[in-house]
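Readers should treat all values here as calculations from the given coordinates under stated rules, not as data from a laboratory. This structure is a prediction, so every number in the text was calculated from the model and none was measured. Virtual Cβ from ideal backbone geometry, glycine too; neighbours counted across all protein chains shown.
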Amino acid sequence: MVDTTSREIFIHGVTRDGRRFRPSDWAQRLAGVMSQFRPGGAPPASQGHLTYSPWCVPTTVNGVSCVVVHRDLREHEPMAWDFVMNFARDNDLQVVEACLLP
């Protein structure tokens, strides 16, 4: 499904047959669920606000919602990686290797 040369993969909000994935905020929801998986572990509850993990970030590419997933997630939290990859597979979403440029 994904080659190992790139450090990041993009899950596009478009199914393999070209339909937009719904709901429209799916990327933010998925990244929110994954927010606890981060370098150093989950932030303390006393922070009181949600921050996305650097390993799973929602973004938009060419007007399409996407989630950028860093391979460090796979190394540090294999079950979380499997969850994200299974989400993409189960919803027939396009997954591509890429590099997020600053």
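One table, with the values for the structure above:
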| read-out | value |
| --- | --- |
| J(HN,Hα) series, the range 49-56, from Karplus relation 6.51 cos²θ - 1.76 cosθ + 1.60, nearest Hz, glycine and proline x | 9, 7, 10, 6, 6, x, 8, 8 |
| Order of 75, 8 under a 10 Å beta carbon neighbour criterion, fewest first | 75, 8 |
| Fewest-first ranking of 77, 97, using other Cβ atoms within 10 Å as the exposure measure | 97, 77 |
| Estimated vicinal HN-Hα couplings, Hz - the range 69-81 in sequence order (Karplus 6.51, -1.76, 1.60; Gly, Pro = x) | 10, 8, 5, 4, 4, 4, 6, 9, 9, x, 5, 5, 4 |
| Coarse-grained scattering of the range 18-92 at q = 0.13, 0.15, 0.24, 0.28 Å⁻¹, given as base-10 log I(q)/I(0) from a Debye sum over alpha-carbon atoms | -0.40, -0.52, -1.16, -1.40 |
| Interchain or long-range residues, amide H under 5 Å from residue 93's placed H | none |
